[in-house]
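K.L.:
Take a look at this one; I'll ask things after.
The values are calculated or read from the model by the stated rules, or taken from the named source; none is laboratory data. Keep in mind it's a predicted model, so treat the numbers as computed, not measured. Using ideal geometry, Cβ is built from the backbone for each residue, glycine included, and neighbour counts are taken over all protein chains shown. Please note that ligands, DNA and RNA were not included when accessible areas were found on the heavy atoms of the full protein model with its side chains. Shrake-Rupley method; radii C 1.70, N 1.55, O 1.52, S 1.80 Å.
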Amino acid sequence: MTETLAARDAETLTQTRYLATAIPGPRSTQLHEERVQQVSSGLGITLPVFVSRADGGIIEDVDGNRLIDFASGIAVTSLGASNRRVAQRVAKQLEAFTHTCFMVTEYESFTQVCDWLNRNTPGDFDKRTALFSTGAEAVENAVKIARAATGRANVLVFDEAYHGRSLLTMGMTAKVNPYKLNFGPMPEHVIRAASANPLRPAVEGGVEAALASVEATLIENDPGSFAAMVIEPIQGEGGFIVPMAGFIPGLRQLADKYGIVLVIDEIQAGMGRTGTLFASEHEGVAGDLILTAKALANGVPLSAVTGRTELLNAPHAGGLGGTYAGNPLACEAALAVFEQFEDGGLLENAQLIERVAREVLEPLLESTAVVAQVRGRGAMLAVEFADRGTLAPRPELAAAVSKVCHAQGVLTLTCGTHGNVLRLLPPLVIGEALLRDGLEVLAQNIVELAG
Ligand SMILES: *Cc1c(COP(=O)(O)O)cnc(C)c1O
């Protein structure tokens, strides 16, 4: 069934891996040299390859190589990077108008996107939505909304969290290098609690101990001072960490106990990525606010804060907004994404991707001594490299495996506090044969380099 989906959406780009030159090829190398002369070196690069076309599970570069896309532009182009229905809706909107600024004059698609999110996000209560452009903006606006609604200042965040690179969200992000290094001072009123990492727990004693530690952090700082607690249902940049079962429901209880707004950051894990529309559905938890971005408009910048009406209506009129917030091109792209979720098949694809990936990758837990975990949900999966027994992280192995995969035409990413996690974020429309090809390249490289 993924074959048919991939075929439908990727008619123009052959869905097989193909190497015409070394990776990167001569044309990419030349273009990268020109980049270095013009672009700030503060922007990093995973693979210095220049793209000519991309769709389905394939990225074609300017040298004619076809790479398997296990990144989706970091969980963005879930429906393929040139999804036809997204392109058609955006093209039609382009001919009508590109922008009015929703704070100046209105257009219906903005309301329609909000309506769909209000109906489809977890939580059987009356909701409103506000649209923005980037994930970091959604996080910042959630904090503004929670502060306006509660009259409190503090924000609770967690170990291994990632919430963005803007000044406030950088402060909310856990890892210093590369996100915070030399960029201080950090914003005030951001307080960090222990997370519930099953492989590397911050406190011994399972989920109860993890929750007790969170409550102790709240009490130390006065629970009545917290406007919001912000949590990713699966921590993304922090290492694709699925928290211990019961942790997120426990946070829901703590939020209720102390009158704190629970903000679920589904910017990476949402929009079908984990095999359910929203990752918090796996925990049976509804946030008071839920954040979406990345795959929401399949690559056209759009983000949203959705949640309880009394929260979304707490800020004064004019207090929220942004020039490009909920831009009409992005709203049309999101509506095309929603249509394709309603057609069905995408969540099943995410589930199939997990089954196939586990089938190929889980044997490495036995056959090597350096794969500590194969984890994740749906099409948000990771391999953590660490020595069996001591669990000493092996970041050099994650980097080396990624590097040989890139050379063989498989685009993989790394992540994690220790940089020792290789993550897989294939588009949900990748064909099964292509998926298997990429996974087998990965598995073989792990075996060879682990030895
Ligand atoms: C990517 C990401 C963000 C930030 O989104 P940007 O669009 O890069 O600002 C926030 N939270 C999570 C969980 C993310 O993965």
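K.L.:
Inside the range 302-333, can you point out the residues that are assigned by TED's automatic domain parsing to the domain that holds Leu291 and of a type in the set (D, E, K, R)?
P.N.:
Arg308, Glu310
K.L.:
Please verify whether the range 427-445 includes one or more residues that are basic (Lys, Arg) and either open to solvent by 60 Å² or more (accessible area, probe 1.4 Å) or part of a helix (DSSP H, G or I) (or both).
P.N.:
Checking the range 427-445: at least one residue is basic (Lys, Arg) and either open to solvent by 60 Å² or more (accessible area, probe 1.4 Å) or part of a helix (DSSP H, G or I) (or both).
K.L.:
Oh, and also: Collect the residues in the range 241-267 that are out of contact with any strand residue (DSSP E or B) (no Cβ under 7 Å at 6 or more places or on another chain), in contact (Cβ under 8 Å) with a residue 40 or more places away in the chain and among the hydrophobic types (A, V, I, L, M, F, W, C), keeping them in residue-number order.
P.N.:
Met244, Phe247, Leu254
K.L.:
Hey, among the residues in the range 273-300 that are away from the ligand (no atom under 13 Å from the Cβ) and in contact with a His (Cβ under 9 Å, 6 or more places away or on another chain), which one's most open to solvent (accessible area, probe 1.4 Å)?
P.N.:
Looking at residues that are away from the ligand (no atom under 13 Å from the Cβ) and in contact with a His (Cβ under 9 Å, 6 or more places away or on another chain), I get Thr276.
K.L.:
Name every residue in the range 142-176 that is β-branched (Val, Ile, Thr) and open to solvent by less than 50 Å² (accessible area, probe 1.4 Å), in order of residue number. Can you show your working first?
P.N.:
Restricting attention to the range 142-176, the residues satisfying the condition of being β-branched (Val, Ile, Thr) are 143, 145, 150, 155, 157, 169, 173, 176.
Hits for the range 142-176 are Val143, Ile145, Thr150, Val155, Val157, Thr169, Thr173.
K.L.:
Where in the range 151-247 are there strands (runs of 3 or more DSSP E), lying fully within it, with 3 or more residues that are within 16 Å of the ligand (Cβ to nearest atom) and under 21 Å from the mean Cα position of the chain (by Cα)?
P.N.:
The qualifying strands (runs of 3 or more DSSP E) are 154-158, 226-231.
K.L.:
Ok, one more. So, Ala336, is that one within 16 Å of the ligand (Cβ to nearest atom) and among the small types (Gly, Ala, Ser) or not?
P.N.:
No, not satisfied.
K.L.:
Taking the stated definitions as given, is Leu381 in the same structural domain as Thr14 (by TED's automatic domain parsing), of a type in the set (A, V, I, L, M) and under 20 Å from Ala161 (Cα atoms)?
P.N.:
Considered against the rule, which asks whether it is in the same structural domain as Thr14 (by TED's automatic domain parsing), of a type in the set (A, V, I, L, M) and under 20 Å from Ala161 (Cα atoms), Leu381 comes out as yes.
K.L.:
Test each condition in (1) crowded, with 17+ Cβ neighbours inside 10 Å; (2) touching a residue at least 40 places away in the same chain (Cβ under 8 Å) for Ala407 and report the one that comes out false.
P.N.:
Among (1) crowded, with 17+ Cβ neighbours inside 10 Å; (2) touching a residue at least 40 places away in the same chain (Cβ under 8 Å), Ala407 violates only (1).
K.L.:
Hey, another quick one. Going by the conditions given, is Thr100 within 16 Å of the ligand (Cβ to nearest atom), open to solvent by 10 Å² or more (accessible area, probe 1.4 Å) and part of a loop (DSSP other than H, G, I, E, B)?
P.N.:
Against the criterion (within 16 Å of the ligand (Cβ to nearest atom), open to solvent by 10 Å² or more (accessible area, probe 1.4 Å) and part of a loop (DSSP other than H, G, I, E, B)), Thr100 does not qualify.
K.L.:
Right, here's the next one. Can you work out which of the residues in the range 24-59 that are of a type in the set (S, T, N, Q) and not in a helix (DSSP H, G or I) is nearest to Ala87 (Cα to Cα)?
P.N.:
The selected residue is Ser52.
K.L.:
How about the range 50-95: which of its residues are without any contact (Cβ under 8 Å) to a residue 40 or more places away in the chain and either within 16 Å of the ligand (Cβ to nearest atom) or open to solvent by 20 Å² or more (accessible area, probe 1.4 Å) (or both)?
P.N.:
Phe50, Val51, Ser52, Val62, Ala87, Ala91, Glu95
K.L.:
When the residues of the range 347-364 are filtered to those that are open to solvent by less than 30 Å² (accessible area, probe 1.4 Å) and of a type in the set (A, V, I, L, M), which remaining residue is nearest to the chain's Cα centre (by Cα)? Even if it seems obvious, please write down each step before you answer.
P.N.:
Within the range 347-364, the subset open to solvent by less than 30 Å² (accessible area, probe 1.4 Å) is 349-350, 352-353, 356-357, 360-361, 364.
With the extra rule that they be of a type in the set (A, V, I, L, M), the set shrinks to 350, 352-353, 356-357, 360-361, 364.
Details: Ala350: 14, Leu352: 19, Ile353: 17, Val356: 21, Ala357: 19, Val360: 23, Leu361: 22, Leu364: 25 Å.
Residue satisfying both the conditions and the ranking: Ala350.
K.L.:
Have a look at Ile241, Ile191, Ile219, Ile234 and point out the one that is under 13 Å from Val157 (Cα atoms) and not assigned by TED's automatic domain parsing to the domain that holds Gly389. Spell out how you get there, then give the answer.
P.N.:
On the way: Ile241 fails: under 13 Å from Val157 (Cα atoms); Ile219 fails: under 13 Å from Val157 (Cα atoms); Ile234 fails: under 13 Å from Val157 (Cα atoms).
Criteria check complete, one pass: Ile191.
K.L.:
Filter the range 115-150 for residues that are in a strand (DSSP E or B) and within 15 Å of the ligand (Cβ to nearest atom); which is nearest to Glu237 (Cα to Cα)?
P.N.:
Phe132
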